[in-house]
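Single-structure report; data block below.
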Amino acid sequence: MLAIRSALLILLIMLVATTAAFGCGDDGEQPEAEGESTEEAATPDERLDPYDTGGQTPEGIVFEYLSAIEDENWDRAHALQTEEGRPDLEVYRAQRSSSEERLQEFSIGERRVLSTATAQVLVSTTLAWGAGEATKSEEWWTVTKEHGYWRIPMDPVR
């Protein structure tokens, strides 16, 4: 199961993280959580503090994570992901290093803090492999707090 989750992460970051593959509708909107409407699920609460224990914001962690991916700093990228479902560091390094796909560029948009432990960040990425390239524009990435620090889940596009 861990290998499957790891493979999905690699596809998510290094290939094209299609919104349809991870539960988003064709219109790019977030799916409805059970028992609540999409608007309620994605409504930011401006009163919530966006900073974690280390003084980072959700968009700061996403920027740091994508910078690590872009620079192929697998140790740092691994450390910025949630522990749940994350492979051990050696497996993570081997999977990432053997992939032909590379993150070419990215941009970070707005954030919305949904709760004390959950936020979303608008992300656009351009991925390249061989002669191919794909751009995913304006996907909402979920960021969660783990041990007081913002971290990137294994499947951030939800």
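Tell me, what ³J(HN,Hα) does each residue in region 48-61 have, in order and in whole Hz, if you take phi through Karplus 6.51 cos²θ - 1.76 cosθ + 1.60 with θ = phi - 60° and put x for Gly and Pro?
7, 6, x, 8, 8, 4, x, x, 8, 9, x, 5, x, 5
Any idea what the dipole of region 66-158 comes to, in debye rounded to 20, about its Cα centre with Lys/Arg Cβ at +1 and Asp/Glu Cβ at -1?
My answer is approximately 340 debye.
Rounded to whole Hz and in sequence order, give me ³J(HN,Hα) for region 133-142 from the Karplus expression 6.51 cos²θ - 1.76 cosθ + 1.60, θ = phi - 60°, writing x for Gly and Pro.
Values per residue, Gly and Pro as x: 7, 9, 10, 10, 9, 6, 9, 7, 9, 8 Hz.
Only the coordinates and a few stated rules stand behind these numbers; no lab work does. Predicted model only: the values in this text are computed from it and were never measured. Here Cβ is always computed from backbone atoms with ideal geometry, including for glycine, and neighbour counts include all displayed protein chains.
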